[in-house]
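Asks: Handing you this structure, nothing more for now.
The values are calculated or read from the model by the stated rules, or taken from the named source; none is laboratory data. Just so we're clear, the structure is a prediction, and the values are computed from it rather than from any experiment. Glycine gets a Cβ as well: all are built from the backbone with ideal geometry, and neighbour counts include every protein chain shown. Just so you know, the surface numbers come from the protein's heavy atoms only, side chains and all, with ligands and any DNA or RNA stripped out. Shrake-Rupley method; radii C 1.70, N 1.55, O 1.52, S 1.80 Å.
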Amino acid sequence: MSGDATRLAELFDRARRAVAFTGAGVSTESGIPDFRSPGGIWDRFDPNEFTYANFIGSLEGRRKYWELGRVTYPVIRAARPNAAHVALVELHGRDRLDCCITQNIDGLHQAAGLPPEKVIELHGNATRARCLACSAAYTRDEVHAWLEAGDAAPTCPACGGIVKPATVLFGEAMPEGAMAEAERRAREADLFVVLGSSLVVYPAAYIPLHAREAGATLVIVNLAPTPLDARADLVIRGRAGQIMSAVLERMDR
Ligand code: APR
């Protein structure tokens, strides 16, 4: 690992415009389970039950979603940034990171100190919710309190409409602005570093390919193999927190 960390440190030192692309694997060291590792969320729950169509289509679909959300949200709320998040903030502070494109909904990059405008959330954010009818905004803490009080599928106190978290469900349209910004930043990058993603969910997984096609050096730091490993210039098998801390130590001050 140390040779790889040294190589990645050199790449960050020399990069004109480095972009990080993160997945759930960057938050596992904060206690948030990922989706596709053994024991991950989709090992325990069927993703086909948590689609946008199911959520919008029936009260039962919403009840099922909130049953899971009621369990997962307290874990996200209790989580604190780990060494991987902190390393990205340090890189940004040294002007060695242009932005962080994330698939994660936990807000830990912002909590660690990355400016919100430098975090591009492709799959939304679990700390916010909105009424689909009148667009009234609610915090996830408010919605969680309704769930804890026994409301199995909360509706909007203002108009009775469906309240939905500000996360992108399977089959839901991606946030156009975030996707366009992510693609633009990827194409302008000369170093594109994936941290903790299985790179199996599209269209998010196209973003590293846009960077590679536009000439960026592609690095993948992940515990498990990914389908894009063969397209990467450097693959580092290991924990994002440990590796990114080692990279910082090896960089020029
Ligand atoms: N360091 C590095 N890699 C890690 C670590 C870690 N500490 N912990 C887990 N990993 C790796 C796993 O081996 C796995 O390959 O991170 C990857 C996480 O992959 P997924 O669980 O599939 O998460 P992600 O790639 O973010 O999923 C994309 O799928 O379910 C949807 O919307 C959800 O945004 C999510 C999307």
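Asks: Heavy atoms of the protein only, probe of 1.4 Å, neighbouring chains included. What is the accessible area of R80 in Å², nearest 10?
Replies: Approximately 150 Å² for this residue.
Asks: Quick one: Debye curve from the C-alpha atoms of segment 147-208, no solvent, what's log10 I(q)/I(0) at q = 0.18, 0.20, 0.26 Å⁻¹?
Replies: -0.80, -0.88, -1.21
Asks: Sticking with this one: Want the number for D141 to R237: 0.36 nm per residue separation, take away the alpha-carbon distance, what's left?
Replies: 30.9 nm
Asks: Can you figure out the FRET efficiency of R128 with R80, using R₀ = 22 Å and their beta-carbon distance, to the nearest 0.05?
Replies: Efficiency, rounded to the nearest 0.05: 0.70.
Asks: Next up: Work out the P(r) tail for segment 117-253: percent of alpha carbon pairs separated by more than 24 Å, whole number.
Replies: 47 percent
Asks: Related question: For the chain, just give the cysteines left without a disulfide-compatible partner, judged by no other Cys Cβ under 4.7 Å.
Replies: For the chain, the answer is C99, C100, because their Cβ atoms have no other cysteine Cβ under 4.7 Å.
Asks: Hey, what angle do you get for helix 2-14 against the long axis of the chain, alpha-carbon based, 0 to 90 degrees rounded to 10?
Replies: That works out to roughly 90 degrees.
Asks: Still on this structure: So between L59 and Y206, what do we pick up on full extension, going 0.36 nm a residue minus the alpha carbon distance?
Replies: Stretched out fully, the L59 to Y206 stretch lengthens by 49.6 nm.
Asks: Using the eigenvalues of the Cα gyration tensor, what equivalent ellipsoid semi-axes result for the chain when each is taken as the square root of five times the eigenvalue, whole Å, largest first?
Replies: 34, 17, 17
Asks: Given all pairs of different Cα atoms, what value in angstroms does the Kirkwood hydrodynamic radius of segment 1-121 take?
Replies: Taking the inverse mean of 1/r over all distinct Cα pairs, segment 1-121 comes out at 16.2 Å.
Asks: Subtract the Cα-Cα distance of E148 and R187 from 0.36 nm times their separation in residues, and report this length gain in nm to one decimal.
Replies: Full-extension gain reported as 9.6 nm.
Asks: In Å², and per residue, what accessible area does segment 171-249 have when probed at 1.4 Å with the other protein chains present?
Replies: 42 Å²
Asks: In nm, to one decimal, how far is the modelled label at R253 from the one at L223, with both set 7 Å along Cα→Cβ?
Replies: Modelled inter-label distance: 3.4 nm.
Asks: Let me ask you something else. When the label point is put 7 Å from the Cα of N48 along its Cα-to-beta-carbon vector, which residues of segment 169-209 have a backbone N closer than 18 Å?
Replies: Backbone N within reach: 170-172.
Asks: Same structure, new question: Could you check what % of the DSSP bridge pairs in the chain are antiparallel, to the nearest 5?
Replies: 30 percent
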